[in-house]
Each structure stands twice: as structure tokens, then as C-alpha cells.
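One structure below.
No lab work stands behind these numbers, since they all come straight from the coordinates. Predicted model, so just to flag it, every value in this text is computed and none were measured.
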């Protein structure tokens, strides 16, 4: 491989790595938001009457469903972006 092609491939891989870092930051923020939502649900359940247990269960289920959906979306977007970046770099290498 020539130096120019290696540089282009290295830039593409660096872009993928940068996207992975942002995905990890987003995932950490998502976990923090879920923990805060569950804490709020537990606090709400403690302050309410007998119906509080069902509210806590519902809010906990809602938080878990949102967490799984968000993690799936983050993973799907990251894999798509990674594949596109690498394929674009390979295509550029073939054109030269």
C-alpha cells in the first residue's frame, strides 16, 4: 500500500474510533438517566399510598424498556457508521 492510501485508511479508522468514544459517552449518560429515573420511581412509591407499588413497577418497567431500546439504537447506529466508513475508505483505495 502506498503512504497516501495508508493515511486515508488510518483517517477512516480514527473516525470510527472517535465515533465509538462518543457512543460510550452517550451510553454512560443513558445509564445515568435510567438510574435517576429508577431513583425517582422508588421515591415516588415511598411517598404514595397503597397504589405506589404498582406505579413503581410500571415506571421501572418503562425505564428498562427505554434503556434496552436506546442501547439497541446506539449499537445499530454505531455498526452502520463503522461499516460505511470502512467501506468508503476501501472504495477510495480501489479508485486510485
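Numbers below:
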| read-out | value |
| --- | --- |
| Per-selection Kirkwood Rh - the chain (Cα, Å, 1 d.p.) | 16.3 |
| Helix 52-95 vs. the chain, principal-axis angle (Cα, 0 to 90°, nearest 10) | 0 |
| Crossing angle, helix 3-47 versus the chain [Cα axis fit, 0-90 degrees, rounded to tens] | 0 |
| Added length on full extension, which subtracts the Cα-Cα distance from 0.36 nm per residue, residue 35 to residue 81 | 13.7 nm |
